[in-house]
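Structure record follows, encoded as structure tokens.
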Amino acid sequence: MNAQGTGSTTARAEVIGNGAFLSIEDLSVEIESQHSARQLLRHVNLHVPQGKVLGLVGESGSGKSLTALAIMGMLPTSPRFLVDGTIRFQGEDLTAATQARLRQLRGSDIALIGQDPMASFNPSMRIGQQISEPLVIHRGWSRRQARHEAIDLLERVGVRQPYEMVDAFPHEFSGGMLQRAAIAMAIGTSPSLILADEPTTALDVSVQDRIIRLLRKLCDEDGLSMLFISHDINVVASIANDLAVMRHGEVLEAGPVRSVLTAPARDYTKELLDAVPEMDGPSLARRRFTPAGELEPRHKREPADLLRVEDLKVQYRLPNSQLFSKRYKLALDGISFDVKQGEILGIVGESGSGKSTTARSVVRLLAPKRGRIMFEGVDLLALSPRRMRRVGTRIQMVFQDPFSSLNPFRTVRRTLDAVLRGQSRQSRKDRDERIEDVLTAVGLGPEFFDRYPHELSGGQRQRLGIARALILQPDVVILDEALSALDVSVQAHVLDLLVRLQAERNLTYLFVSHDLATVKSVCDRVIVMNAGEIVEQGPTAEVFGNPQNSYTRLLLEAIPNAASEMKRLS
Amino acid sequence: MSTVGAPRIEVHRTIRARLARARIGDLAFYGALVFLTALVLAALTQPLLVAMGWMYSPEEQNLLLRNSSPGTAADGSFHLLGTDYLGRDALSRIIRAAQFSLAVGALTVICSIVIGVIIGLLAGYYGGWLESVFMRLTDVFMSIPGLLLALFVLYVLGGGFVNVALVLALTRWPVVARVTRAAVLSLRERQFVLAAHTAGAGQARIMFREILPNLYPSIVVLGTLEFTRAMLSEAGLSFLGFGIRAPEASWGLMLAQARPYIDTAWWLIVFPGLSIMLTALAVNSLSGRVGMLVDPQLRSQIRHQSKRKSPTAG
Amino acid sequence: MISVIVRRVLESLTVLLGIAILIFLIGEVVGDPARLMLPMDASQETYEAFRRERGFDRAIHVRFLEYLGGVVTLDFGDSLRSGVDAKSLVLRAFVPTLLLAFTTQLVALLIAVPVGTVAGMRPNSFANRLTSTLSIVSISVPTFWAGMITISVFAVSLRLLPTSGYGALHFFVLPTFALALGITGRLAEVVRASVQEQMTSQYVKTARAKGVPERRIVFGHVLRNAMGPVLTVSGDEFATLIGGATVIEVLFGWPGIGYLTVGAIEGRDLPVVQASVMMTATAIVGLNAIIDACYGRIDPRVRRRR
């Protein structure tokens, strides 16, 4: 099997030149369940040269995390995993190593940085103790010695006030700071190899940028080697020297980042690169679906303000409110904007910026403290709950999480039927007709009608979510991070669907997303939010091409970008 | 191919062991099912069986045969489980008692679940002062030990079948309410509930059509566990003389009546107690499986398992 | 911090008020206190005279306020049978009950925690299945039946231990065994499930990736996080035991709360019944407050939030 591209020869030459560091040769992993064996990895060949970063890209289920686990010797023992091939680390074959030897290597020579920093720390143990644990175990340091080292390490990875934070508990850290602490935990014993498994996926763009810079700095300073795993080819391109693309347990191609990005040998790699909307490119996907003639609305009228938000203020009551003095957090501080008939308005910002709060206020899932939400001249906030239930159906929402947004006790058909029955009295036949129409429109055939949500894939679930929003024939659809939980290639398909439906049904979209590249490719206008306020708004091209606000510029600069990376490299 | 740390043969061994275990699990499941079905059938058809002359009457006394050990008695009649202190057939008494014990358990569970689920649903869904009031109320009931509260209320109201069930429900509804509320709190924030809001569904519709079905698996499991708990409590109350009273029969009461003969008639102590234990055990071992059946996700898992199992099992 | 304590105390006081109201409702509104205190066959004249003498013919709110005053000063009246005041009878009965509760809880924890931990560490092992199975069996056994069987074997047949009574250590063996059986089963299952759940968590994977030995993972990381549910369930079990393991106390002639209450009910001694229910509940409200405080010690997240 030789799935490697042209780059592998160069990579291998380097490996040999530096004395083989980590090289995975012909690695296959099979899981044996009760009656069948399933191949999870097929003849994987990967090489991490001394002091270099190998980026591993793939979608969920491609086997990239499994590869990391195999290196660490941490594959689950039941069901049992059968391993074939060799994993050579500094000349030693890890597949033949005993558990005791592997345990010796883990945490001292090989370190792991995981995806979700909040989950990877023990919630009831102080950070300093967890950071210094490898030193206590592998180096036999005393707790006092180790604590001092932990402070130094925290300082080195850029955690502010390390003397105080060393005794803090994980929940007292922010996500970004916690991931820094996780890095500190990994580098304490000066390992020679770091496995970073989606280390930035759970983080905001600007934080992600800082973490990647930190990792790159550490690699340069200490001559660390790293296996950097991510589903996002842009992120990988911004840090890796070499790049390997995995799919269905196989390495499709591998080689220096430049050659893979500029001349992908495999269609799948091209697809991955295409699926990522480029920040610099003019690829406004929606134009493909709206030929000039159809852009005109059927009944011609001035594009009027369909939805108008005025001075909206929302606050949450904090859980640690005192007995007699309740404490509040301001989520939205008097924001105003309008949405025109038939346009796609993007709302971007990082977590906590208030973009989801805005979306939820518009569909009245939240009760704003102040302000007006005018829809066709009527203030939604002033409507009685009863009238709101009628008018509200014209503004629908597609939710982020395709798992939790569907009732697990309802089949596809009954999910939609419940919506119709909650709204109007129609005969069963009429309802069935409408259900079939809308499901066909979102691309779900009759074979799906009687399936439960857990029998659907992520993309199919999100299609059902879209169908549920459309079945009441709304004017406005709010897409709250509707793509972010999906794999990149699935994202592209669902995005195409959304753009097509918008054109066909003359819908107005509120496109809430943290993904600036996607927003840029589909939105007519965009709103940038930070800390509950709108910091900038305007036509997409203007905001992205010539940002006026410093925060907007910061956001745009932080985006890892394969295309610009290519320019840098070439 | 080599495995991590163990030769491949061992893989097969663990799989086979797991299969064997799965069969033992099934054995327990079907055993429990058969036992409960037989018990319920016997309890329901007892009057008929007695009328047909296939079973001794549970009320028929024969002082000449007092405390006969299991087997053939002095007058040549056969008593499988012996006779009690009034010469009544012990097996007939046990089946008669099953009617009360099962009925008390069922009535208790129905009452406590109806009250508990409604209160937990309202508290979890609406929150605010309603939740505070309801949760303090459960605190009040949970702070008084169940049996003590039950004894106190039975002292005031008097014993008997319905009162025992109501009193036990009174002591257990707060548990159901708390479990329900906790589940509703997390379901309330799930996106499918939010989606129902945006689709214009009313409060009642969201509570009973969207949220409630998601509670069924846990309610079923909790219900079966509460059933055995109620049955055990009823036995305790009857043993103390505050539950089912003579001349009616209850397993707890039978044990109380057998107490003076603890050193002479072991069968009067062993069999009623064993009846309680086996019934509780059977219901407890069914609970997980029944809970799975009402959950579409777990249901399809079972379906896939049995599909995969059939070629090798056959 | 102070406001947290103040809030918790207020909450407890509300619950205590609720308990007092509930007891008043059951005893003096649903039931007729005069009828509850008099022998079943008392004549109508005796009944009327008794009602007037005790003041039960007064308006309900007057009686309630008087009753509430009594609760606050722990004055529940004198026992109708012995003439001693109800409060001291109950306080005296608390000692044997607490001793039995402590031994039972201790035995149960000493067995359940190690067994549950070992089982939980190995999700697919025989030990794991066995623990679950034994746990289901043990919670299906009626405690008083276990008591009767052990009495007939160890006390009646073998004559090794006393059949009943309260005193030195050997009196504790049989009642403790009968009570601890079910509690151990329930606790072991809770420990097992909790440890097993923690073992699959991400931070355990991180610890493994750091090369932490399995034993240190369990004792250093997992156990502390797994103790939350264990604490809750032991608290509930302990509360039941404080309320008097009624049936076991009666079976073994153990002079605790349950024994006292059953005797008082049989003797139609309403003040003692009310005193024992009210005071036990008070003890449990206190216990719950302590458990909440312990929870904060175990889980730093709770500490911060409250």
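The values are calculated or read from the model by the stated rules, or taken from the named source; none is laboratory data. Please read these numbers as outputs of a predicted model, since none were measured by experiment. Please note: Cβ atoms are built from the backbone with ideal geometry, for glycine as well, and neighbour counts cover all protein chains shown. Please note that ligands, DNA and RNA were not included when accessible areas were found on the heavy atoms of the full protein model with its side chains. Shrake-Rupley method; radii C 1.70, N 1.55, O 1.52, S 1.80 Å.
Structure values in brief
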| quantity | calculated |
| --- | --- |
| Number of positions in the stretch C:6-49 that are part of a helix (DSSP H, G or I), more than 30 Å from B:VAL133 (Cα to Cα) and open to solvent by less than 30 Å² (accessible area, probe 1.4 Å) | 4 |
| Scan of the stretch A:168-184 for residues that are open to solvent by less than 60 Å² (accessible area, probe 1.4 Å) and not in a helix (DSSP H, G or I), ordered by number | A:ALA168, A:PHE169, A:PHE173 |
| Number of the exception - A:PRO199 against (1) over 18 Å from A:ALA240 (Cβ atoms); (2) within 14 Å of chain C (Cβ to nearest Cβ) | (1) |
| Boolean, B:ASP89 is more than 25 Å from B:ARG205 (Cβ to Cβ) and buried (at least 23 other Cβ atoms within 10 Å of the Cβ) | yes |
| Subset of the stretch A:516-561 (residues that are touching a residue at least 60 places away in the same chain (Cβ under 8 Å) and acidic (Asp, Glu)) | A:ASP524, A:GLU533, A:GLU557 |
| Matching helices (runs of 4 or more DSSP H) fully within the stretch C:64-176 where at least 1 residues are touching a Leu at 6+ places or on another chain (Cβ under 9 Å) and farther than 30 Å from B:TYR261 by Cα | C:86-121, C:126-140 |
| Condition met for B:ARG289 (away from chain C (no Cβ under 11 Å), open to solvent by 40 Å² or more (accessible area, probe 1.4 Å) and under 18 Å from B:PRO217 (Cα atoms)) | yes |
| Condition broken by A:GLN34, with the remaining ones in (1) away from chain B (no Cβ under 14 Å); (2) modelled with pLDDT under 70; (3) in a loop (DSSP other than H, G, I, E, B) satisfied | (1) |
| Single match in C:THR261, C:THR232 (criterion: of a type in the set (S, T, N, Q) and either open to solvent by less than 10 Å² (accessible area, probe 1.4 Å) or at pLDDT 90 or above (or both)) | C:THR261 |
| Helices (runs of 4 or more DSSP H) wholly inside the stretch A:46-161 containing at least 2 residues that are more than 13 Å from chain C (Cβ to nearest Cβ) and within 19 Å of A:THR189 (Cα to Cα) | A:143-156 |
| Test: residue in the stretch B:122-135 that is under 23 Å from the mean Cα position of the chain (by Cα), open to solvent by less than 50 Å² (accessible area, probe 1.4 Å) and at pLDDT 90 or above | no |
| Only listed residue being farther than 21 Å from C:THR14 by Cα and surrounded by 15 or more Cβ atoms within 10 Å (Cβ to Cβ), chosen from B:ILE95, B:ILE110, B:ILE119 | B:ILE95 |
| Helices (runs of 4 or more DSSP H) contained entirely in the stretch A:185-264, each with at least 3 residues that are within 16 Å of the chain's Cα centre (by Cα) and under 20 Å from A:GLN115 (Cα atoms) | A:205-222, A:233-237 |
| Total residues in the stretch A:166-211, condition within 17 Å of C:ALA209 (Cβ to Cβ) and of a type in the set (D, E, K, R) | 2 |
| Qualifying position, being assigned to a helix (DSSP H, G or I) and either modelled with pLDDT under 90 or out of contact with any Pro (no Cβ under 7 Å at 6 or more places or on another chain) (or both), among B:THR264, B:THR228 | B:THR228 |
| In the stretch C:254-291, residue farthest from C:ILE5 (Cα to Cα) [restricted to those that are among the small types (Gly, Ala, Ser) and more than 8 Å from chain B (Cβ to nearest Cβ)] | C:GLY267 |
| Positions within the stretch A:393-414 being open to solvent by less than 10 Å² (accessible area, probe 1.4 Å) and over 20 Å from A:ASP475 (Cα atoms), in sequence order | A:PRO402, A:SER405, A:LEU406, A:ASN407, A:VAL412 |
| Given (1) in contact (Cβ under 8 Å) with a residue 60 or more places away in the chain; (2) under 27 Å from the mean Cα position of the chain (by Cα), index of the condition C:ILE26 fails | (1) |
| Selection count where residues are open to solvent by 30 Å² or more (accessible area, probe 1.4 Å) and among the polar types (S, T, N, Q), scope the stretch C:50-86 | 2 |
| Selected residue (criterion: nearest to A:LEU214 (Cα to Cα)) from residues of the stretch A:234-286 that are at pLDDT 85 or above and of a type in the set (Val, Ile, Thr) | A:ILE239 |
| Total residues in the stretch B:150-164, condition at pLDDT 90 or above and more than 7 Å from chain C (Cβ to nearest Cβ) | 5 |
| Pair list, Cβ under 7 Å, 6 or more apart: the stretch A:147-166 residue assigned by TED's automatic domain parsing to the domain that holds A:ILE183, other residue basic (Lys, Arg) | A:VAL157/A:ARG180; A:GLY158/A:ARG180; A:VAL159/A:ARG180; A:VAL166/A:ARG147 |
| Counted residues, the stretch B:146-197 - those being free of Cβ contacts under 8 Å to residues at least 24 places away in the same chain, open to solvent by 10 Å² or more (accessible area, probe 1.4 Å) and of a type outside the set (A, V, I, L, M) | 7 |
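Per-residue answers, yes or no, for (1) open to solvent by 50 Å² or more (accessible area, probe 1.4 Å); (2) within 9 Å of another protein chain (Cβ to nearest Cβ); (3) at pLDDT below 90:
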position: C:LEU100; (1), (2), (3): no, no, no
position: C:LEU110; (1), (2), (3): yes, no, no
position: C:GLY120; (1), (2), (3): no, no, no
position: C:PRO123; (1), (2), (3): yes, yes, yes
position: C:ASN128; (1), (2), (3): no, no, yes
position: C:SER140; (1), (2), (3): no, yes, no
position: C:MET148; (1), (2), (3): no, yes, no
position: C:LEU158; (1), (2), (3): yes, no, yes
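Matching residues to (1) assigned to a loop (DSSP other than H, G, I, E, B); (2) within 11 Å of chain B (Cβ to nearest Cβ); (3) in contact with a strand residue (DSSP E or B) (Cβ under 6 Å, 6 or more places away or on another chain); (4) not β-branched (Val, Ile, Thr):
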site	(1), (2), (3), (4)
A:LEU444	yes, no, no, yes
A:ARG451	yes, yes, no, yes
A:HIS454	no, yes, no, yes
A:GLN460	no, no, no, yes
A:ARG463	no, no, no, yes
A:ALA467	no, no, no, yes
A:GLN473	yes, no, no, yes
A:ILE478	no, yes, yes, no
